[in-house]
Amino acid sequence: MAEVHLIVGYMGFGKTTLAKKLAEQLPAVRLTHDDFMRSLFGWNLPEEQFRLYQEKVSDLIWKVAAEIIRCGGNVVLDYGFWTRKQRREAFERARKLTSDVVFDNVSCDFDTAKARVLKRTAEDDEALYIDENCFDKFKTDFEPLTPDEGYRIVSHDGC
């Protein structure tokens, strides 16, 4: 049966590193907003455009994921799922595609994560542009995944 792995964690926690490893091990197709956003719209969008395009990309990713699962393939969604609401919606959507849904929870401390993100922004021409202000601004939006949410969770140390 096809699996869907939903990667949970904040910016710089190591989600993409884990997602790539899982995609190779399972094997699975890794789908990530960052790659689609960067390829389609560039690196540094104003926040209102980013949010609009992010919704469109999300719809596209779920359509592609559904086709992969329909063909018997596994999917790793490298997105973050920062809030309980996002996780609940993703779980419900994934369960319509397969009964095998796993949340891979990546943990890391915020200081290490911020240093990684700023380094990536400075050194990687392929990375989405995220400065210190952006990192700090959205940190309050992140709600750590907790067992009481009732999902199948595999924990990973991203630091």
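Values as computed for the structure displayed
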| read-out | value |
| --- | --- |
| Qualifying trypsin sites (Lys or Arg not before Pro) in the stretch 1-107, DSSP loop, other Cβ atoms within 10 Å at most 12 | LYS96 |
| Linear extension gain, ASN133 paired with ARG51, 0.36 nm per residue minus alpha-carbon span | 27.8 nm |
| Residues in the stretch 99-143 that a label on ASP157 would reach, taking backbone N under 16 Å of a point 7 Å out along Cα→Cβ | 105-110, 112-113 |
| Lysines with Cα under 21 Å of LYS15, excluding same-chain neighbours fewer than 8 positions away | LYS85, LYS114, LYS119, LYS137, LYS139 |
| Cβ-Cβ FRET estimate between LYS20 and GLU89, R0 fixed at 30 Å, reported to 0.05 | 0.75 |
| Compactness of the stretch 71-159 as Cα Rg over 2.2 N^0.38 Å, two decimals | 1.25 |
| Backbone N within the stretch 1-44 under 17 Å of label point (7 Å from LEU118 Cα along the Cβ vector) | 11-13 |
| Taking only Cα atoms of the stretch 28-98, radius of gyration then Dmax in Å | 12.7, 38 |
| Debye equation applied to the C-alpha atoms of the chain, log10 I(q)/I(0) at 0.19 Å⁻¹ | -1.32 |
| The stretch 17-98: relative contact order in percent, alpha carbon pairs under 8 Å with at least 6 residues between | 41 percent |
| Relative contact order [Cα under 8 Å, 6+ residues apart], the chain, whole percent | 40 percent |
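Coordinate-derived values only; no laboratory data. Predicted model only: the values in this text are computed from it and were never measured. Every residue, glycine among them, receives a Cβ derived from its backbone with ideal geometry; neighbour counts consider all protein chains shown.
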